[in-house]
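The numbers here are math on the coordinates, done by the rules we state, and not lab data. Values in this document were obtained by computation on a predicted structure and should not be read as measured data. A quick note on method: Cβ atoms are made from the backbone with ideal geometry, for glycine too, and the neighbour counts reach across all protein chains shown.
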Amino acid sequence: MKEALTKLLSKENLKADLFIGIRKRYFIKVGLDLFLFLLCAPIAVFIRMGHIDAWELLLIYTGVATLSKLISIYLIKIYRQSWHNVSVFDLFQVLSVGLLSGLITFAAVIVMRQVSVYAVPFGVVFIDVVLSVLALGAFRMLARVVSERVVLINSKQSEKGKRVLIIGAGSAGTTMAKELRKAPEVNMQPVGFLDDDEAKIKQTFVGLRVFGTTEVIDQVVKEQRIDMVLIAIPSNPDAVREILKKTSNLKVKHRILPRLTDLADENVSISQIREVDVEDLLQREPVNLNTDEIANYVSDKTVLVTGAGGSIGSEIVRQVCRFSPAHILLIGRGENSIYQLQLELNRSYSNIKYSAYITDVRDRESLKRIFETHKPDILFHAAAHKHVPLMEDNPEQAVFNNIMGTKNLVELALDYNVERFVNVSTDKAVNPTSVMGASKRVAEYVVEWGSTKARDTQIFVSVRFGNVLGSRGSVIPIFKDQIQSGGPVTVTHPDMNRYFMTIPEASQLVLQAGGMEHNGAVYVLDMGKPVKISDLARDLIQLSGLVPGKDIVIKFTGMRPGEKLFEELLTAEEGTESSKYKKIMISRKSKVGINNLDEMLGKIFAAAAQGDGTAIRKCFYEMIPNYSGYAGNGSPDETNTGQDLHSAKLN
């Protein structure tokens, strides 16, 4: 009890001290401005009249003018900003005080002329306003200059911090330089700038020189003994990559500021300095969602998400929560990931009702009970086995999870009148060379079959995209673990490339595609340019402050079964049609397919039940005309028997 009382008293004392300090600074500022006002009024009278004889008139005018200025200051509230950081906006406020006080004083002078013998010339008021604005502005600028000089002197006296070179002498870079100087405790000493605007070269900003363009970064780093490069031009990923390339043989750390568009108030601070990540090198345009369209089909609806504990599934849940669903159903096999998602929902979305189920999409009866209980309106199907090499060794699991699981959900969605069914697919389903890719292609067939059986109020679609940065099992976390272990970083082939997008971007576009009205469509997300995996490995090594090939070796291990050098988002026959959204395309229906989907699914499920990988691959050869995976012993003729998908039947 005594300790609690002591803590409470200490907190109250701290608050009292803080309040006293703020009031003290406030009264000092008011006192200084009052002194300037009392000085400007007599000077204005003297300039206009050439002499001061009528002392009574002078005193009355000075009192009226000073009172009008204090009233204007109170109304415009110019003391909220520290004089150490005076900006153009603050000077504009000073001008506003001058104009408002001038109007008040003019009105008072007019009244004085009507009711008394004191006739103050209007010119006095004009001169007084000009002098007051100049005096207040000059005094504030002087305070800022003195403050910056003191910081500069102190920073030069302390050379213990890491020497920081700032890339970009714009507003973000110069603001950060000032912030670093004011905070010696962060142990970062700004040395100067580099900027590709040649007009800035050799100029000085906030007391720091612009050494040159980024072309001379390696030279400047050596000459100035730079420990850290701080990138203040984050919206230019090509420039970020080039900076990393030019400093690849120099052991300097790299840090970056967020884009101004990513900040709520567009103000940068030291706390926002972070490590450069791969996302900064592959930076893509922010997704501009049509939130009204998403809200129209998600708000107040019961939304079921399979694979809810996974990278994509959990992000879909987060995005859905933004649109006030009536109820979210979380379905997943991994109890730990679902539990973590529950904790997050309780913490961040406590107003959202949810139910969590640990079950398997292969368990039709378990799924049926969930559908019967909750009658979901929207279904996002993100549950899938996705690891190519593992599925090559366990093809029956790919069939059960990716195909049978999808079939169960499609049939239940039809039975329980689910309004929208959105299947998360992959670029590996295009011209598949792997069991995983082939299983996802057949899953697309099943979803398209569902669209042919749907009621007029139902929509069944698939959304196809490439690799997702940072998802479980993706190359980024694997490379990071290898770098932390001292290497080598393993890449299968020097020319292997992949499409990438971030988890939030992929999930947002899945939600947007779900609101579109093309029943049976396969939507293809704009993945941008493909990226070489070997380049990605080099970038990650450099981001860790190490030199590729010297500190960390890149080892090429050879392609694994089922892998492709280049991923595709479309088959040659498909092509795309544009949609109303820039980043979402509509795949034109392929004219190839299978004659009897029900029969072929029966065959492949029977093969999977026997654990017969060879038979499974033979089924893929029959079902997918452009499948080119390893067929096992007795590979069938690669002339496939597929006919027309639209004649497929599933009883």
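Here are some notes:
- Among beta bridges identified by DSSP and lying wholly in segment 291-623, the antiparallel ones come to about 20 percent.
- Highest mean packing comes first when the peptides 34-42, 199-207, 314-322 are listed by Cβ atoms within 10 Å, giving 314-322, 34-42, 199-207.
- Cβ crowding within 10 Å averaged over residues, with 220-231, 444-455 ranked highest first: 444-455, 220-231
- Computed packing ranks the peptides 513-521, 210-218 as 513-521, 210-218, most packed first, by mean other Cβ atoms within 10 Å.
- If R0 is 56 Å, the Cβ-Cβ spacing of K77 and E223 corresponds to a FRET efficiency of close to 0.75.
- Net charge of neighbours whose Cβ lies under 12 Å from the Cβ of N402, counting Lys and Arg as +1 and Asp and Glu as -1: +4
- In terms of distances greater than 20 angstrom between alpha carbons, the cross-link table entries K353/K375; K162/K550; K178/K200; K529/K555; K29/K77; K245/K532 yield K162/K550; K529/K555.
- Other residues whose C-beta falls under 14 angstrom from the C-beta of L39 contribute a net charge of -1, scoring Lys and Arg +1 and Asp and Glu -1.
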